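Some notes on the structure that comes next.
The values are calculated or read from the model by the stated rules, or taken from the named source; none is laboratory data. All of these numbers come straight from a predicted model, not from anything done at the bench. In this analysis, Cβ positions are derived from the backbone assuming ideal geometry, glycine residues included, and neighbour counts consider all displayed protein chains. Surface areas here come from the heavy atoms of the whole protein model, side chains and all, with no ligands, DNA or RNA. Shrake-Rupley method; radii C 1.70, N 1.55, O 1.52, S 1.80 Å.
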Amino acid sequence: QVQLVESGGGLVQPGGSLRLSCAASGGIFMINAMRWYRQAPGKQRELVAATTRSSPTKYADSVKGRFTISNNNDRRTWYLQMNSLEPEDTAVYYCNADAVMPATLSSNTYWGQGTQVTVSS
């Protein structure tokens with residue numbers, strides 16, 4: 001059973017930095033895409049950053065130049081480095097992956113449970 005576990009959220013002052021981590025486990029054969037989404041109160045969930053095997057890394061316009069997505073060589077852990085945080089970045093952040101399981105070789109999308117990021121003075 002695939003599990004994605006996020007960590008690294010918390011409270012930070014405007015202008016500060018946080019690094020989120022997402023660790024994937026559960027007998028995964030291959031991960032083709034790793035993403036970070038966020039959902040602020042009263043708003044729809046939005047894509048923040050994504051990295052795949054076949055496409056360039058992409059970012060939401062609102063975080064370009066401030067956030068960076070990266071991953072370990074084993075492609076089982078990925079990160080979201082968030083710098084110059086603003087109150088508008090306050091949200092629950094979710095990691096997301098397209099993972100292939102060895103038994104079926106089919107790709108499915110999985111979600112983490114979310115981690116709260118609050119930017120406030």
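Couplings for the range 109-114, taken from phi via the Karplus curve 6.51 cos²θ - 1.76 cosθ + 1.60 with θ = phi - 60°, read 9, 10, 10, x, 7, x Hz in order; Gly and Pro are left as x. Simple spin-label estimate for residue 33 and residue 73 gives 2.7 nm between the two label positions (7 Å along the Cα-to-Cβ direction from each Cα). Over the range 64-118, Cα pairs under 8 Å with separation of 6+ residues give a relative contact order of 29 percent. For residue 37, the shell of other residues with beta-carbons less than 9 Å away shows a net charge of +2, using +1 for Lys and Arg and -1 for Asp and Glu.
Converting phi to 3J(HN,Hα) with the Karplus coefficients 6.51, -1.76 and 1.60 and the offset θ = phi - 60°, the range 95-108 yields 9, 8, 8, 9, 10, 10, 9, x, 5, 10, 6, 9, 9, 10 Hz in sequence order, with x at every glycine or proline.
Here the translational diffusion coefficient of the chain follows from Stokes-Einstein with Rh set to the Kirkwood radius across Cα pairs; for 20 °C and 1.002 mPa s it amounts to 147 µm²/s. Distant-in-sequence amide contacts of residue 67, defined by a placed amide H-H separation under 5 Å and a gap of 5 or more residues or a different chain, comprise 83.
Given +1 at the Cβ of Lys and Arg, -1 at the Cβ of Asp and Glu and no other charges, the dipole of the chain around its Cα centre is 200 debye to the nearest 20.
Carbon-plus-sulfur fraction of the accessible area of the chain, 1.4 Å probe, in percent? Mind dumping the intermediate values first?
Working: 2980 of 6380 Å².
Within the chain, the accessible surface is 47 percent carbon and sulfur.
Across the chain, the mean sequence separation of Cα contacts (distance under 8 Å, 6 or more residues apart), normalised by length, yields a relative contact order of 37 percent.
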